[in-house]
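> Please find one structure pasted underneath; my questions will follow.
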Amino acid sequence: MSAAIAVSHPVLAQDRSPWSVRSALGAPEPLKVSGSFRTRYEAIDGQVRPGFEPESDLVSLRTTLFAEYDFGAVRLGGELYDSRAFGAGALTPVSTGEVNTTELVQAYVAVDLDEPFGPGTRATVQAGRFMLNLGSRRLVAADDYRNTTNGYTGLRADLSLPSGIRTTLVYTMPQTRLPDDLPSLRDNGGRVDRATEDVVLWGGVVSKADVFAGATVEASYFRFDERDAPGRPTRDRALDTVSVRLIRDPRPGAVDYEVEVIRQTGSVSAGPGPAAARLDVSAGFVHAEAGVSLDSAWSPRLSAEFDYASGDDGDPAFGRFDTLFGMRRAELAPSGLYNAVGRANILTPGLRIEGSPNARVDLFLAGRLLWLASDADSFSTTGVRDAAGRSGDFAGRQIDGRVRWWIMPAALRLELAGVWLSKADFLKAAPNAPRTGDSRYLSLNLTALF
């Protein structure tokens, strides 16, 4: 399913090879070592976002190295990420989403408890630095498509009960990726990421499996607070985000579905300045999809999807939905040089077909119609805006596709992805819309895993 249910293992944020260095070197069984190296070439023609060059291409490299030692009830683990980008021009969109060099994104101790609350119960408590994939991953995720990842410093507790109830609670300080100034990013400069009490995320997810007809019910709550730090003005977001989700996973010959409704309240400053007015927040998000998996050789799945994320319409309450640390690639569009369609000020129905011709190849093709939820706010994550609301609310049509091929199973994978955005009235007529024609994005990735 495009957004699989996951209260994930604390240390797993991407595909891992089923074998590891320990078997090749004869290391002790408790030691797990794995890693990856990804080379990406991406190019865009007809940039959607204002302020950047119409055509760009970029080479990105990402290296990861993960190790964990299991003492029995206690595990010690760590993971190093090195993310770099090359070939950026003066107006190429490069950010901390592409560059974050030699960063220890995970360094934790985890304690596994068997039957802490009676037979059939299991619990894990984790402390230190770690990555998170929680619930639908629309609010808290480690997006594997992006060249960098999200890291958190704090505490995590997982509990599973024999009744099928699973709970995850977190109290964390999300790490600010550094450096974040353009000259340093273009030079692949290095600085240790920062985690302080100026930025705090806490909350949790609870789910119950097989509530009816094989469906899982899930609820989550997250509180996010940020405040200004020396040299780092912010919008002083103080957000309460509540989600309810119902999901039935795909099965051959059966209908599956997912519905998630998110309500967001709190307050935010109108701007980063110290004298900016304080605004109440009233925002929301809805995702709904239904699909059917055919029992045939390719295992095709056909689905209809709908996503709505509120925008700000100028009312006294601030209405633009904030996806916090959520992923986008799994269901909306790639990040990288494209990075135009995310969970903000958007109304989009779509159709998707996905399948796997054999054990080494998987693919999908998706088409979407794109509207603005509010015609006075900027469209999704493009930055294109008509504050007067006179440019209409239809942004365009998007076709998004991907093919992945395991050249060597579990060891070497090739991925080809592409997006075509046919711009409609809003992206042509808005005052700051780039006059660049339709957008075409291509990404070629080669990933080695060990």
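> Suppose a student asked you for the relative contact order of the chain, using Cα pairs under 8 Å spaced at least 6 residues apart; what percent would you report?
Values: 1285 pairs, mean separation 60.9, N = 450.
It comes to 14 percent, rounded to a whole number.
> At 7 Å along the Cα-to-beta-carbon direction for both residue 277 and residue 228, put a label point, then send me their distance in nm to one decimal.
1.9 nm
> Would you mind getting me the FRET efficiency between residue 390 and residue 43? Use the beta-carbon distance for r and R0 = 30 Å, nearest 0.05.
Values: r = 33 Å, r/R0 = 1.11.
Result of the calculation: an efficiency of 0.35.
> Under a point spin-label approximation (7 Å from Cα along Cα-to-Cβ), what is the residue 414-residue 240 distance to one decimal in nm?
Using points 7 Å along Cα→Cβ, the separation is 5.3 nm.
> Could I ask something else about it? On full extension of the chain, what length is gained from residue 65 through residue 184, given 0.36 nm per residue of separation minus the C-alpha to C-alpha distance? Don't skip to the end; give the middle numbers.
Details: separation 119, 0.36 × 119 = 42.84 nm, distance 2.37 nm.
Extending this stretch completely gives an extra 40.5 nm.
> What is the sum of charges, Lys and Arg at +1 and Asp and Glu at -1, for the other residues whose Cβ falls under 15 Å from the Cβ of residue 152? Before the final figure, lay out each step's value.
Details: positive: 129, 137, 156, 177, 194, 223; negative: 79, 103, 143, 158, 193, 197, 198, 225, 226.
In short, -3.
> Tell me which of 311, 338, 268 sits at the most positive position along the dipole axis of region 21-449, charges placed on C-beta atoms (Lys, Arg +1; Asp, Glu -1).
About the Cα centre, the residue reaching furthest to the positive side is 338.
> Apply 1/(1 + (r/R0)^6) to the Cβ-Cβ distance of residue 358 and residue 95, taking R0 = 45 Å, and write down the FRET efficiency to the nearest 0.05. Before the final figure, lay out the partial values.
On the way: r = 37 Å, r/R0 = 0.83.
Plugging the Cβ-Cβ distance into 1/(1 + (r/R0)^6) gives 0.75.
> Quick check on region 81-172: what are the equivalent-ellipsoid semi-axes from the Cα gyration tensor, as sqrt(5λ), descending, whole Å? Don't skip to the answer; put the middle values down first.
Numbers: eigenvalues 252, 39, 14 Å².
Largest first, region 81-172 gives 36, 14, 8 Å.
> Label-point separation (nm) for residue 31 and residue 211, each offset 7 Å from Cα along Cα-to-Cβ?
Label-label distance for residue 31 and residue 211, simple model: 4.6 nm.
> If we restrict to alpha carbons, what Rg and Dmax does the chain come to, in Å?
My reading of the Cα-based Rg and Dmax gives 21.8, 68 Å.
> Quick one: which of 30-38, 339-347, 114-122, 404-412 comes out on top by average Cβ neighbours within 10 Å, and what's the full order, highest first?
Working: 30-38: 17.4, 339-347: 24.1, 114-122: 11.3, 404-412: 13.9.
The packing order, highest mean first, is 339-347, 30-38, 404-412, 114-122.
Coordinate-derived values only; no laboratory data. All of these numbers come straight from a predicted model, not from anything done at the bench. Positions of Cβ are backbone-derived with ideal geometry, glycine not excepted, and every protein chain shown enters the neighbour counts.
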